Amino acid sequence: MDFLVARQRMVSTQLPGIRDQRVLEVMGRVPRHRFVDPALWPQAYSDYPLPIGNGQTISQPYMVALMTESLRLNGGEKILEIGTGSGYQTAILAEFSSRVFSVEREPVLAQRAREILSKLGYENVAIRVGDGSKGWSQFSPFDRILVTASAPSMPHSLIEQLSDDGLIVIPVGEWDHQVLKVLEMRERKAIVDDICSCTFVPLIGEEGWQD
Ligand code: SAM
């Protein structure tokens, strides 16, 4: 299978509505197949989530592109990602920023993500095992925070760890159905906008869902 061709087809046919050319270019460059089991490589450029073990999934390419675009990255931002999973979205973020911090609660997934990101040459990523619903205060404030698991409400710790004009993208809602939201700080006020409805795996933790 020619993965480059598959990736280019994914970009040209499966990412309708994504207008940020830099996001499209990065999606066309990062090898999604390397973040899943080789048995799943033939499906790696189809537009659906795939299992990555521990009951978790790598998000569908469209959702990864939409969340990345919604972060409105300029290049210099310090980014916090909650829910490393396979590390695919982490790699996309690392293409935009020199400082990406990511928290994953499943140690096996965190270790696998570290290994593949290192093999692919991403050296600007730090991954911690823990409850990301409380953020990563040691390295705060963050200019952008992306949460790739769904919360019942906006975690306060994440808002507290946001820089003055920072932005959070997070799915918020019910256990089985949520709305992807953007929270933007403007003159110290939080403005929240809805992007679209969505379904994510739960954010399990102190400021997420109970285990
Ligand atoms: N972005 C990932 C990728 O590209 O593969 C997919 C993330 S997956 C949809 C959501 C991840 O959030 C899972 O790996 C899950 O273990 C993790 N997660 C759930 N609750 C968490 C928490 N409180 N802190 C950190 N990670 C958490």
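The values are calculated or read from the model by the stated rules, or taken from the named source; none is laboratory data. What you see is a predicted model, and the numbers here were worked out from it, not measured in a lab. Quick reminder, even Gly has a Cβ in these numbers, built from the backbone with ideal geometry, and neighbours come from all protein chains shown. Quick note on the areas: whole protein, heavy atoms, side chains included, nothing else; ligands and nucleic acids left out. Shrake-Rupley method; radii C 1.70, N 1.55, O 1.52, S 1.80 Å.
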* **Rounded tilt (10° steps) of 3-14 against the dominant C-alpha axis of the chain** => 50 degrees
* Which value, in Å² and to the nearest 10, is the accessible area of T199 when all protein chains are kept and the probe is 1.4 Å? -> 100 Å²
* To do: Treating only the Cβ atoms of Lys and Arg (+1) and Asp and Glu (-1) as charged, compute the dipole magnitude of the chain about its Cα centre; round to the nearest 20 debye.
  => 580 debye
* **List F3, F200, ordered by accessible area with a 1.4 Å probe, largest first** => F3, F200
* Label point 7 Å beyond Cα of N54 along Cβ direction - residues of region 157-196 with amide nitrogen under 20 Å -> 171
* Exposure rank, largest accessible area first [R9, R99; 1.4 Å] -> R9, R99
* **Cα principal axis extents for the chain, largest first, Å** => 49, 35, 34
* To do: Assuming a ≥ b ≥ c are the square roots of the Cα gyration tensor eigenvalues, decide whether region 1-74 counts as rounded (a/c under 1.5), prolate (otherwise, with a/b larger than b/c) or oblate.
  => oblate
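Considering only protein heavy atoms, what per residue accessible area in square angstrom results for the chain with a 1.4 angstrom probe?
Per residue, the chain has an accessible area of 46 Å².
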* Counting only residues 5 or more places away or on other chains, whose amide H sits under 5 Å from the amide H of V201 once H atoms are built in the peptide plane? -> S150
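Show Y88, Y48, Y62, Y122 ordered by accessible area, largest first, where the area counts protein heavy atoms only and the probe is 1.4 Å.
Order by accessible area, largest first: Y48, Y62, Y122, Y88.
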* Structure fact -> Whole-Å distance linking the alpha carbon centroid of region 130-165 with that of region 18-39 is 25 Å
* Asked: Extension gain I159-W175, at 0.36 nm per residue separation less the Cα-Cα distance, in nm?
  -> 3.6 nm
* **Share of carbon and sulfur in the accessible heavy-atom surface of region 1-119 [1.4 Å probe, %]** => 52 percent
* Roll a 1.4 Å probe over the protein heavy atoms and report the accessible area of D164 in Å², nearest 10. => 100 Å²
